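Notes follow once the structure below has been shown.
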């Protein structure tokens with residue numbers, strides 16, 4: 001199981017808006033957890049990762065500290081909305097495909113979801129998601145080598 005402990009995760013504005021407004025409320029927490037274990041983890045492997053690893057309700061329940069029954073109902077609600085899709089299920093758990101909330105339809109009062117590769121959220125960056133991930137990995141390596149300092153050192157005058 002892939003966990004993003006102590007990692008910085010960037011969430012697009014629409015993902016956060018969806019997670020904060022979706023009902024039942026725990027569905028938002030579950031969606032963010034699944035997003036973190038799929039699309040947000042893309043930079044670690046260097047290519048778009050639309051799918052989670054095998055995740056069971058029991059693991060989600062333990063990690064998020066939410067009752068098993070609530071996880072089950074909230075996941076069913078996310079599937080019904082189109083936010084997630086089941087790719088494969090076996091005794092290890094379920095692999096989910098994560099869709100991106102593209103926009104909120106005020107006439108239908110629902111979020112419209114798209115495949116991450118078709119989403120304007122990632123295409124608005126001007127580059128493909130893989131190019132953006134490569135750029136982020138390059139910057140991370142330069143920061144580790146201290147070639148791009150995070151903080152400027154103060155210049156001390158010598159009098």
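The values are calculated or read from the model by the stated rules, or taken from the named source; none is laboratory data. On a predicted model such as this, the values are computed, not experimentally measured, just so you know. With ideal geometry, Cβ positions are generated from the backbone for all residues, glycine too; neighbour counts draw on all protein chains shown.
Just a few scattered comments:
- Test: residue in region 9-28 that is at pLDDT 90 or above, surrounded by fewer than 17 Cβ atoms within 10 Å (Cβ to Cβ) and touching a helix residue (DSSP H, G or I) at 6+ places or on another chain (Cβ under 7 Å): yes
- Residue match in region 34-45 (condition: modelled with pLDDT of 85 or more and exposed (fewer than 12 other Cβ atoms within 10 Å of the Cβ)): no
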